[in-house]
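Before any comments, here is the structure.
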Amino acid sequence: MLIEADLPESLYKKRLSRQDALLSILCVRYQKPKKTSDIKMLGRNAGLTEIQRWNISDILAKSKGLAIRIRDGWAITSRGREHVRSLNILPEKKSRKVIHYASALRSATKRITNEDTAAFIEEAISSFEAELYRAAVVLSWVGAVSLLQDQIVSHHLANFNAEAQKRDASWKPARTKDDLSKMKESDFLDILASPPISLIGMSVKQELKTCLQLRNGCGHPSSLSIGENRVAAHLEVLILNVFAKFS
């Protein structure tokens, strides 16, 4: 819902109660629970210096289910997120196109069980809404690749390793997602589209390689400029061919 860069403006857009300020902070990468020390750090970084004196656990415990304490810290609930949206402090969405693709990505995020992947996608959505187009491209690509890697680890690992060793005799059989990340992403896509895996078709592979080229252009310092339409097209390919199919 929020990226950290948006937090100062959101906190000071209107006068918030302590509880609403804390709930807003919990909306930053909301899938990941936060310890009180994390909440204080985010608040301080956003200019909310008085947060140091707050009894954060006591305030959130009185939120009537808008936030809950779990093993890893405090987490905002779906009711809590709706409450923050109702405060009208979140960055305004730019257009119907932004609303459409952000909504489609959020629907896909609900089905993703891997918290790290879901967090990347949420940050990609927030970046797109905030017109941080390079970040939206990079983060959405990372989330998509993570889903594809999950598919390989769960269902195709033996065939993947066999095909990888045919192409590169020095390939050490992968066991985890981290092992898969050692392969160039272009080569990874080639294997996904090859029998007997055939996780994606050849046309999809070409579209994803186009997305990869854009990701590379956005992930390194360059003179490349992109706008809403180009990023929307990138997101559309990932939504239709990765997030909708493999979430």
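A short reminder: the numbers here are calculations on the coordinates, not readings from a lab. Predicted, not measured: the structure shown is a model, and the values here were computed from it. No Cβ is skipped: glycine too gets one built from the backbone with ideal geometry, and neighbour counts run over all protein chains shown.
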In order over segment 198-210: 3J(HN,Hα) from phi, Karplus 6.51/-1.76/1.60, θ = phi - 60°, whole Hz, x for each Gly or Pro, gives 6, 5, 10, x, 5, 5, 5, 4, 5, 5, 5, 5, 5
In the neighbourhood of S17 defined by beta carbon distances under 14 Å, the net charge of the other residues (Lys, Arg +1; Asp, Glu -1) is +3
Fewest-first ordering of T109, T210, T49 by Cβ atoms within 10 Å yields T49, T210, T109
Note to self: C-alpha centroids of segment 162-210 and segment 31-87 sit apart, in Å, by 41 Å
For segment 4-91, shape from the Cα gyration tensor axes a ≥ b ≥ c, cut at a/c of 1.5 then a/b versus b/c, turns out rounded
Phi angles of segment 149-155, converted by Karplus (6.51 cos²θ - 1.76 cosθ + 1.60, θ = phi - 60°) into ³J(HN,Hα) in whole Hz with x for Gly and Pro, give 5, 4, 4, 5, 4, 7, 10
Taking a ≥ b ≥ c as the square roots of the eigenvalues of the Cα gyration tensor, with a/c under 1.5 meaning rounded and otherwise prolate when a/b exceeds b/c and oblate if not, segment 58-102 is prolate
Along principal axes, largest first, the alpha-carbon spread of the chain in whole Å comes out as 61, 39, 30
